[in-house]
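One structure below.
The values are calculated or read from the model by the stated rules, or taken from the named source; none is laboratory data. Predicted model only: the values in this text are computed from it and were never measured. Cβ placement follows ideal geometry from the backbone for every residue including glycine, while neighbour counts extend to all protein chains displayed. Protein only, heavy atoms only, side chains kept; ligands, DNA and RNA dropped before computing areas. Shrake-Rupley method; radii C 1.70, N 1.55, O 1.52, S 1.80 Å.
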Amino acid sequence: MKGILDMKERTQLFGTNGIRGIVNRELTPEFSTEIALSIGSYFNRGRVLLGYDGRISNTMLANAVSAGLVSTGCDVYDAGMAPTPCIQLAVRTHKMDGAIMITASHNPPEYNGIKVMARDGVEISRHDEKMIEERFRQGEMTRVDWREIGHRHSLCGALTEYKDAVKSHVDADLIKKKHYHVVLDPACGVGGLATPHLLRELGCRVTTINSFVDGSFPARQPEPRPENLVDLAATVRANGADVGVAFDGDADRSIFVDATGNVQWGDRTFALIEKYFLLANSGGKVVTPVSSSQVVRDVADKYGGEVIWTKVGSTIVSHTMKKLRSELGGEENGGVFYGPHQPVRDAAMTMALILNIMGTAERGLAELLDSLPRYYLEKDKVECPHHQKTSLLKKLLSEVGHLNPETIDGVKLRFSDKSSILIRPSGTEPLYRLFAEAVTKERASRLVKEYKQKLVQFTRN
Ligand code: MG
């Protein structure tokens, strides 16, 4: 059966954000129905919300997944094309037992994926993913009697409810008075569906680029990296706009461009949100992966917060927030988790929070971010075959043992001058990645160089 055997050979089906694969090669309709039988068995005849992003394969895979789900006796509620955070919110609003989102987020157009969410909208735990994987491998699916096959319904209005929910968490009247000119670039992804309307309802003048949904992503890659945001930066400058915002393909991450056309990286905008969150709440717990900048800790130290560092991965951030009752999480890639709304990444919510902060402070984004401590980041990589990754980590740890290494994810060393280096094995490629951060570019470069040399030596010995 096309795709099924290939996927059965994978040691782990679910990656950091669901099952991903190239459509019609790994992610076939046959595989999607089969895995939906396992997911449907897990949901045990429950009510399952179904949503998808704007990819070309979206309805093909949604139909296949839906067939599998109803075959196990689940009722499917099809919300159609929507941002991932919209589906995550609707699971709770409509008291569903769970949800499936068909999306490959920021991956190139030939990919798609299947994400499984629990009744609180957060992706299910690794433990539960393993249960589904095991059922899939063993073929232990519940196929109900023909009389008990589930129904597929349409669920309307999720986009409007989502837009209204985001608005309810900011001072809409304050933002309206400012009449901000915002340039929005959703990459031809599903962020183009609700966000322009949300911005207009917040009194903004909206200029959109790449806001029609097109699953071939003809304008730019769906990953909001600086090299993909040249058109957005130019449009902000040419129009004299107040701010630009770019989303990834399923609109859960956002990267901002200030009025001067500078792309501002995700951990800085997150630190800005953190500052205002801590001020408003007189402190609190903030969850972020070890890959985030020291600026997150600086802000926490100054405004009475406590940073909880986690492994890299948005699901880990969400689950840690839930466990520790934290109301704020963030990632360096532009994912912000605003607990009062929902403990998952949400690009439109992040955008509304940034506008709210600009309005409260009566300052532009560049000025607001300039007031935060600045760090320089330098990256590099070292080739390392998969089978050598563990031994290399051991060698590294024995070498740096006296420097109090953090081993939450790879090895992170923090130095007294607030510089740091993170050395992590790539999950998919035969590589170690190095990320150094320091108050000067020279120090960050020196750190990367020094540890790259060490790693190269370790791989040779
Ligand atoms: Mg995404």
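Structural remarks
- Size of charge dipole - the chain - debye, nearest 20, with Cβ of Lys, Arg +1 and Asp, Glu -1, no other charges: 820 debye
- Residue pairs, from the table 115/381; 130/412; 8/311; 418/441; 115/285, whose Cα atoms sit over 19 Å apart: 115/381; 130/412; 8/311; 115/285
- The residue among 211, 236, 247 whose Cα reaches farthest toward the positive pole of the charge dipole of the range 193-251, with charges on the beta-carbon of Lys, Arg, Asp and Glu, is 236.
- Sulfur and carbon atoms: percent of accessible area, the chain [1.4 Å]: 49 percent
- Relative contact order (%) - the range 71-228, alpha-carbon pairs under 8 angstrom, separation at least six: 25 percent
- Distant-in-sequence amide contacts of residue 440, defined by a placed amide H-H separation under 5 Å and a gap of 5 or more residues or a different chain, comprise 376.
- Solvent-accessible area per residue for the chain (1.4 angstrom probe, square angstrom): 41 Å²
- Only helices enter this figure: runs of n ≥ 4 DSSP H residues, each worth -39500 (n - 2.57), summed and divided by the residues of the chain, yield -12500 deg cm²/dmol at 222 nm to the nearest 500.
- Residues of type lysines that residue 177 reaches as a straight line, Cα spacing below 26 Å, ignoring anything fewer than 8 places off in the same chain: 163, 167, 275
- Residues whose amide H comes within less than 5 Å of that of residue 264, counting only those at least five positions distant or on another chain, are 256, 257, 258 (H built at 1.01 Å from N in the peptide plane).
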